[in-house]
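Heads up, the thing below is written out as structure tokens.
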Amino acid sequence: MKQYLLSVHYVEGQEPPAPEVMQEMYQAVSVFNADLQASGAWVFAGGLHMPDVSTVVRPRGGQVLVTDGPFAESKEQLGGVWVVKAEDLDAALELAKRAAIACQGPVEVRPFQDEPED
């Protein structure tokens, strides 16, 4: 089975959901996570803190520069991820549809690169 990254994006400046909506989202995501685990598709998942608490580490002229983040200057930032196992892209997209409904936001699907064979 291939592994896929299902990434959830946070849009800067967007009004946060009302507390009761946020609770619904947490519940829906918990149910989705339990279903992933029960089906064997679960590899890993986690939500991220806001982008303004990130730190960027980059090589620069033989040195390493550490700066406050976020790395990308964008209104859309990564908010959380699932790493799942799926037979193919179609199966991963079906999982992503359920994830998007659970978290009430866009979910990007990207396959991991295949490991090089020895």
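Laid out as a table, the results:
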read-out: Some residue of region 28-38 being more than 14 Å from Ala99 (Cα to Cα) and not acidic (Asp, Glu); value: yes
read-out: Matching option when the condition is within 28 Å of Asp114 (Cβ to Cβ) and modelled with pLDDT under 95, among Leu48, Leu5, Leu95; value: Leu48
read-out: Restricting region 31-64 to residues that are of a type in the set (A, V, I, L, M) and within 24 Å of Val84 (Cβ to Cβ), the residue that is farthest from the chain's Cα centre (by Cα); value: Ala38
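The values are calculated or read from the model by the stated rules, or taken from the named source; none is laboratory data. This one's a predicted model, so the numbers in the text were calculated from it and none came from an experiment. Note that we place each Cβ from the backbone using ideal geometry, even for glycine, and neighbour counts take in every protein chain shown.
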